[in-house]
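Asks: One structure, as structure tokens, below. Some questions next.
The values are calculated or read from the model by the stated rules, or taken from the named source; none is laboratory data. Note that the structure is a prediction, hence the values are computed from the model and not measured. Here the Cβ positions follow ideal geometry from the backbone for every residue, glycine too, while neighbour counts run over all protein chains shown. Calculation scope for accessible area: heavy atoms of the full protein, side chains included, ligands and nucleic acids excluded. Shrake-Rupley method; radii C 1.70, N 1.55, O 1.52, S 1.80 Å.
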Amino acid sequence: MLITITNEEKVQVTLAPTTAAGNPATLDGIPTWEVIEGDATIEVSNDGMICTLISGAADVNSKIEVTADADLGEGIVNLVDVVDLAVVAAGASLLGLSVGSLELNFYLK
């Protein structure tokens, strides 16, 4: 999955596991999230089902990996997905117009 945000933004990603037929599925345990490349940071919910991806520097892409166990028994069947987070520079949105101090005009006719 590719997500593009500016270096001033963050985005929430939510897991909704399904079976091969598209029906809702249960995971065993709490999914884990990890930044495996780049300088983004993450905030993961207590249940691991929601992760907020927080941009790093502009023009530095990050990869965030999520891993979850699909085997509801004692075994482990890891499902792994990767989010590609492309970070672009935020554009100007205000001109920042300001007024300087008043000066006397000595050249009046």
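Asks: Hey, among the residues in region 93-107 that are within 43 Å of the chain's Cα centre (by Cα) and open to solvent by less than 100 Å² (accessible area, probe 1.4 Å), which one's nearest to residue 8 (Cα to Cα)?
Replies: Just the residues of region 93-107 that are within 43 Å of the chain's Cα centre (by Cα), to begin with: 93-100.
Cutting the leftovers down to open to solvent by less than 100 Å² (accessible area, probe 1.4 Å) gives us 96, 98, 100.
Numbers: 96: 18, 98: 24, 100: 29 Å.
Selected residue: 96.
Asks: Quick one: which strands (runs of 3 or more DSSP E) sit completely within region 1-105 and have at least 1 residues that are at negative phi, among the aromatic types (Phe, Trp, Tyr) and at pLDDT below 95?
Replies: On the way: elements: 2-6, 10-14, 28-37, 41-44, 50-54, 62-69, 78-88.
Qualifying strands (runs of 3 or more DSSP E): none found.
Asks: Condition (residue is under 30 Å from residue 93 (Cβ atoms) and open to solvent by 80 Å² or more (accessible area, probe 1.4 Å)) applied to region 39-58: is it met by at least one residue?
Replies: yes
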